[in-house]
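The values are calculated or read from the model by the stated rules, or taken from the named source; none is laboratory data. Small disclaimer: the values here were computed from a predicted structure and weren't measured. Reconstructed Cβ throughout: ideal geometry from the backbone, glycine too, with neighbour counts over all protein chains shown. Protein only, heavy atoms only, side chains kept; ligands, DNA and RNA dropped before computing areas. Shrake-Rupley method; radii C 1.70, N 1.55, O 1.52, S 1.80 Å.
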Amino acid sequence: MHKRASTLVEAAIFAAVAVVFNLVFYYLPVLGIFVNMLMPLPVAICGMRCGLRWSVMSLAVAGVLVAMLVNPLHALFFVGVFGIMGVVLGECMYRRYLPARLLLISSAGALLGLAVNLLLAFFTMGINPITTLVASFDETIPEVMEMMGSLGMDPQALALMKQQMQTMVTMIKIIFPGAFVIMAPLLVLVNYFAARKILARVGETFPPFPNFADWTLPFIVAPLYFLGLFAIQYFNGLGWQETWQYILVANVWAVSGVLLVVQGLALVYWLVRKYHKPRGWATLTVVLCFLVPFISLLVTYAGAYDLFVDFRRLRHHGQTERE
């Protein structure tokens, strides 16, 4: 009886924390940007500490309170989007899954939550969030051009910039599904690392992910990237930009490209560790990947090279261990 009462109190506390997160997100937009990434965290920790049944009950209570304090639509989005991911992640942690399995299953839960988000927006408000977001990008281009023109930018450079921005927006429209695929494991990693830090304070330990310098992806990622790149050029030549085949290969190319950047950065961290260089070099490379497209491209090809030749001998090492 005492244990049940203790569990009930814990579940109530986590529900209250989830409500606070929602209030911060809704009423303090600046802080809400950061809180949004951690929205599934209270539900996940509740699931790990108390089990699946209690995490679902805690989520239901939080949803009702958010509906009362904010509005029912916001509560619906919270439960459908972040609640699903939190419940799945909490259950994976409760079952003590190894990191790779946890990441795979929880990412599937996060993707399900993102899909629910789109469906809720469409059926409750009659809008397509992707179309709305892309329309905002289209509206931004003339504003940027007007601002640059007022600053005295050369007309020829202005025209080139406009063309590049239009090309970028067109590509963003196409690779939205791939963006969701990348966003799901990112959300899982952020919440898993945060949950591990918090739960470590009460004596709960979980197996860590391997050191980033030792991360490696499946070999197939590299061929998919170059096949996708070739297919995009081929379909462009045929004028198939509006076809589902083009959208498919563009998303395969985009997702595999991001994965190769991760592979390339892991290689950079491995080289820094191997040659005992300052860790700041690797951190600088990460920053430059976001700021300088050419650096990002170099890291992408470095990741592909690492996969093709197994430069760090990680696959060879794994085969030796199995033998």
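Order GLU146, GLU204, most accessible first, counting only protein heavy atoms with a 1.4 angstrom probe.
The residues order as GLU146, GLU204, largest area first.
At 7 Å along Cα-to-Cβ for each site, give me the label-to-label distance between MET171 and ARG4 in nm.
Label at MET171, label at ARG4, 5.9 nm between them.
Roughly how many Å² of THR170 are accessible to a 1.4 Å probe, to the nearest 10?
My reading of the accessible area for THR170 is about 70 Å².
For the chain, what's the relative contact order in percent, using C-alpha pairs closer than 8 Å and at least 6 residues apart?
That works out to 13 percent.
Do the sum for the chain: with -39,500 (n - 2.57) for every DSSP H run of n ≥ 4, divided by all residues, what is the mean residue ellipticity at 222 nm, to the nearest 500 deg cm²/dmol?
Computed ellipticity for the chain at 222 nm equals -27500 deg cm²/dmol.
Please report the carbon-and-sulfur percent of the accessible area for the chain; probe 1.4 Å, protein heavy atoms only, DNA, RNA and ligands left out.
72 percent
Work out how much length ALA179 to ARG315 would gain on full extension: take 0.36 nm times their residue separation and subtract the Cα-Cα distance, in nm to one decimal.
Extra length from ALA179 to ARG315 when fully extended: 46.1 nm.
Quote to one decimal, in nm, the extra length available between LEU160 and TYR26 on full extension: 0.36 nm per residue of separation minus the C-alpha distance between them.
The span from LEU160 to TYR26 would gain 44.3 nm if fully extended.
Tell me the accessible surface of TRP215 in square angstrom (1.4 angstrom probe, heavy atoms of protein chains only), to the nearest ten.
About 70 Å², ignoring ligands and nucleic acids.
Using the Karplus equation 6.51 cos²θ - 1.76 cosθ + 1.60 (θ = phi - 60°), what ³J(HN,Hα) coupling, rounded to whole Hz, does each residue of region 152-159 give in order, writing x for Gly and Pro?
Residue by residue, region 152-159 yields x, 5, 4, x, 5, 5, 5, 5 Hz.
Rounded to the nearest 0.05, what FRET efficiency do MET145 and VAL292 give with R0 = 22 Å and r taken as the Cβ-Cβ distance? Could you check?
0.40
Enter the accessible area per residue of the chain (Å², integer; probe 1.4 Å; all protein chains in place).
Heavy-atom SASA per residue in the chain reads 58 Å².
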